[in-house]
Every structure is written in structure tokens, then in C-alpha cells.
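K.L.:
Could you have a look at this structure, given as C-alpha cells, before my questions?
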Amino acid sequence: MTATAGRIARITATPVTVPRVSPFRSALGLARVTSFGIVRVETDAGLTGIGEISMIWNGEGAVLCSLVEGVLAPPLIGLDPFDINSAHLRMDQAVQFSRAANPAKAAIDMALYDLAGKALGTPVCTLLGGRVRQSVVLSMSISIAEPDAMVAEARDFVARGFRGVKVKVGLDAAHDVAAVAAIRAALGPGGVIRIDANMGWRSAREALTMIEALVPHRIHSVEQPLPPDRLEELAWLRRASPIPIMLDESVWGPDDAARAIRAGAAAMSARQGACAMQHGSSRSRRRPASNARSAACPNSASGLPPPPISLLRCRNSLIRVMCAACSTMPNL
Ligand SMILES: [Mg+2]
């Protein structure tokens, strides 16, 4: 089978910057554009696999294109594209001890799986052990704005078929409570509302005060209330909080996931649908999911509007990878 795929002959990475339909504001800042990278792995047999560097917040996806072409790609030239484990060893030798490189490695990983799936005529989930569910439920994120605008956006997403929304909070307490209350009133009791503070709260006590204020609005989960390394405070908050705590920025790989679980710092782990890049590969992406299953710590997924290519390619590899990985995802 591998003979038909040939050898890796060329790897390119193309930065893409797209103006957003509207600016997106969170506790991380204001995003006016989405900058990411498209990775193409080509073989001498004429096959092409496509991956995406989807760290969209600060343009890392575009910036990392030079890392792909200049550092990660050269050791992979001539390799059998099915030797994905070897590809990771070579990439890890090329760039060690760097979380920042994970999204670039993940894009190559995604392209290799895409290529392998095309070569074999099979979905990527089959290569990863088979699908465990037929679909993945996503929520879409609501930018911080005037509450009326946030309500309108939430209504729009629900009308388009999303069964849940994730409301960005963390900049202004009174605004956040008013906005979440308005969205709950608009969606009714059945709509799923998650919130994401993106590390915007300064202490566990401040976070708990906010969480308690939001309890009447039936919040599904609270994502990343504190900075990533404050696991002891997150563990205290998890014990005290009446709403499950979900971690995102704290989990950049299997070791982070294990540390968070050991610390009792999270009830759930978030993986942005289009930004599931932090782990560096679909294999390590599965390990936190596996760890989480063992610890009864579900994974979840969401996306930022407008959805980048990964979500638009939902019939292709990425979502199928996620289907295999997210077997404990709650049915939002
Ligand atoms: Mg998040």
C-alpha cells in the first residue's frame, strides 16, 4: 500500500490572513483578522495531503509557516508518508522543548493523515482505530460586545443549527452577567450556554464570585477561568464551583492533561474545533482524551466564527479525527 503513496517530495506552508466579518473580542484581546497557515505535503507519486496551522489569535498560524518550511520540513523529505511516527521523531529532533512549535507539527501531522487517508481511500478515523460516534456537537463562540449584539449573534447561530453557544466573558463583571442573562432569556431554558473567561479573572475567589452570579442562568461549564499554570487555585475553584470547570489554555499536551487531572483542576477539557493544534498531533490529541476518559473528565469542542478551513472541511479528516478522539464529549 505504501508503494502507491511514494515518498515525501515537497512540503510547503502558505500563510493566509483573512479579515473577519466582524472583530472578535475576548479577554485575550480584539481580533480583526484571522491568520493561519495551510500546509501541503506532496509525494513523488503525485499525492497531496493538506493540513492547517490554526492558532488564530495572534497570527501564530501564519508566522509558523516559516518554521514548517525552514526547520520541520527538510528532515521529512524522502520519508514514506505512512511513517507518521518517524515524522514526529524527526520533527521533535528538529524542534525540542517548544510548545510554540506544536501547531506547526500538528499541521504536518494532519496533512500526513490526510494523505494516508487519500492513498488508502479511507477516512482518517479508520487509521486512528475507528470512529466512536457519527457526529460531533459543536458550539460557536460569542464575541464580547453590547448585550443586544451578543443576543443577536446567539440567535443567529442557533438558527443555523448550532445547539449551543460559548459566551466570551472576563473583561467586565456587570457586563458579563447582563449579557449571559440576556442570551439565556433569548434562547430559552433548552439552549446550551457555556462561558469562556480566557484567563480573564485574577483570582479563584473573583472567579467564584462571577460563577455564583451566573448560576441562575443555567451555565453548562466555565472555561479557563484563571491563567494556565495555577492548577492549585483551579483545583480549589473546581471544588467550590457549582458549575463544572473546563480547561483550555492549561492543556497543551498529554502531560499537561495528566497534570491537570492529577491536580483535580478540571471537570472537563476543551478543544477548540479549529484550534485543536496545541497538542502537536492527532495521536497526542488522543492521549488527553484517553486520560480524560480514565478520569471521567469529558472533552468538548467548539469553534470561533467564522469557521476556518478545518471546520469547513468537516467531511474530511479533522472532524473525523475528532470523532475518534472525543468519545466522551458531552452531548451539548
Ligand atoms: Mg477557550
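Taken together, the values in this text are just the output of simple stated rules run on the coordinates, not laboratory data. Predicted model, so just to flag it, every value in this text is computed and none were measured. All Cβ positions, even for glycine, are placed from backbone atoms using ideal geometry, and neighbour counts span all protein chains on display.
K.L.:
Note down the Stokes-Einstein diffusion coefficient of segment 1-129 in µm²/s, whole number, using a Kirkwood radius over alpha carbon pairs, 4 °C, and 1.567 mPa s.
P.N.:
The diffusion coefficient I find is 86 µm²/s.
K.L.:
Which order do the peptides 105-114, 194-203 come out in when sorted by mean C-beta neighbours inside 10 angstrom, highest first?
P.N.:
105-114, 194-203
K.L.:
Farthest toward the dipole's positive end in segment 1-102, which of 49, 27, 63, given Cβ charges of +1 (Lys, Arg) and -1 (Asp, Glu) about the Cα centre?
P.N.:
27
K.L.:
Name the aspartates and glutamates eligible as straight-distance cross-link partners of residue 166: C-alpha to C-alpha under 18 Å, and not fewer than 8 places from it in the same chain.
P.N.:
Filter leaves 146, 148, 153, 156, 176, 196, 212, 223, 248, 249.
K.L.:
Under a point-charge model restricted to the Cβ atoms of Lys and Arg (+1) and Asp and Glu (-1), what is the dipole moment magnitude of segment 208-270 relative to its Cα centre, in debye to the nearest 20?
P.N.:
280 debye
K.L.:
Among the lysines, which fall within straight-line cross-link reach of residue 118, defined as a Cα-Cα distance under 21 Å, with same-chain neighbours fewer than 8 residues apart omitted?
P.N.:
105
K.L.:
Over the Cα atoms of segment 157-196, Rg to Rh with Kirkwood Rh, two decimal places?
P.N.:
Computed over Cα atoms, the ratio is 0.98.
K.L.:
Quote the relative contact order of segment 2-126 in percent (integer), defining contacts as alpha-carbon pairs under 8 Å separated by 6+ residues.
P.N.:
30 percent
K.L.:
Under 8 Å for C-alpha pairs, at least 6 residues apart: give me the relative contact order for segment 30-91, rounded to a whole percent.
P.N.:
28 percent
K.L.:
Treating the beta-carbon of each Lys and Arg as +1 and of each Asp and Glu as -1, no other charges, what is the dipole magnitude of segment 1-123 about its Cα centre, to the nearest 20 debye?
P.N.:
420 debye
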